[in-house]
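Engineer: Following this message is one structure expressed as structure tokens.
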Amino acid sequence: MAFVQLAFPIVCKIKGVIMNFKYTILRKFGIGGFLIIISLVILMSGFFPNMIKIIERNTSGEYYQTTANIVAISQARRGHEVTVSFNIPDSQKYTALLDTYVEGMEVGDNVEIYYQQSNPTNITLKGNQFWQAVLFGSSGGILLVISLILLKRHKLKNNSDSLTSQMSDFS
């Protein structure tokens, strides 16, 4: 109980600072300011990491494609864990967790994967990063364009409001 009594004022103070920051952004930049932040988060968390993986995979010469067999699908805390087994050219068999679960996957299905030659348990589903990059890139980009348009409109509105008030001062 003592912890709650100590923590409550701190939480209220942090909430007040966040709300003050929120209203400052809204007042200065309008809704476009929030949309820019959201679009940048989408681009930074989804588009860029996937593009980096695609570029690394395609330029390093370390990744090879093979067919894997799904041996287990289990329910995890955050979705599903898909375990696959596959052979690489040295005919050694590997088992690893796939980085993605796609609706409709079943035990016994074959999937195309990329594996890293120096660490064969580092695998990714073929095409996975591409579609994630397209999804995050297009949604983040569209949102960024919309937010820039809204910012421009907000700036024009503020400028016209200040001109109107300056003209009324002359009257």
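Engineer: Pairs under 8 Å by beta carbon, first residue more than 16 Å from residue 56 (Cβ to Cβ) in segment 110-139, partner in a helix (DSSP H, G or I) and among the aliphatic types (A, V, I, L, M), six or more apart or different chains?
Structural biologist: From segment 110-139, the pairs are 136/42; 136/43; 137/43; 137/51; 139/42.
Engineer: Given the criteria farther than 18 Å from residue 129 by Cα and in contact with a Leu (Cβ under 7 Å, 6 or more places away or on another chain), does residue 39 qualify?
Structural biologist: yes
Engineer: Then there's this: Identify the single condition in (1) at pLDDT 80 or above; (2) open to solvent by 90 Å² or more (accessible area, probe 1.4 Å) that residue 157 does not satisfy, given that it satisfies every other one.
Structural biologist: Result: residue 157 passes all but (1).
Engineer: Only strands (runs of 3 or more DSSP E) wholly contained in segment 21-119 count here; list those with 1 or more residues that are touching a strand residue (DSSP E or B) at 6+ places or on another chain (Cβ under 9 Å), of a type in the set (D, E, K, R) and open to solvent by 30 Å² or more (accessible area, probe 1.4 Å).
Structural biologist: It comes to 79-87, 93-98, 110-116.
The values are calculated or read from the model by the stated rules, or taken from the named source; none is laboratory data. Small disclaimer: the values here were computed from a predicted structure and weren't measured. We place every Cβ from the backbone using ideal geometry, glycine too, and count neighbours over all the protein chains shown. Ligands, DNA and RNA are stripped out before the accessible areas are found, and what is left, the full protein with its side chains, is counted by its heavy atoms. Shrake-Rupley method; radii C 1.70, N 1.55, O 1.52, S 1.80 Å.
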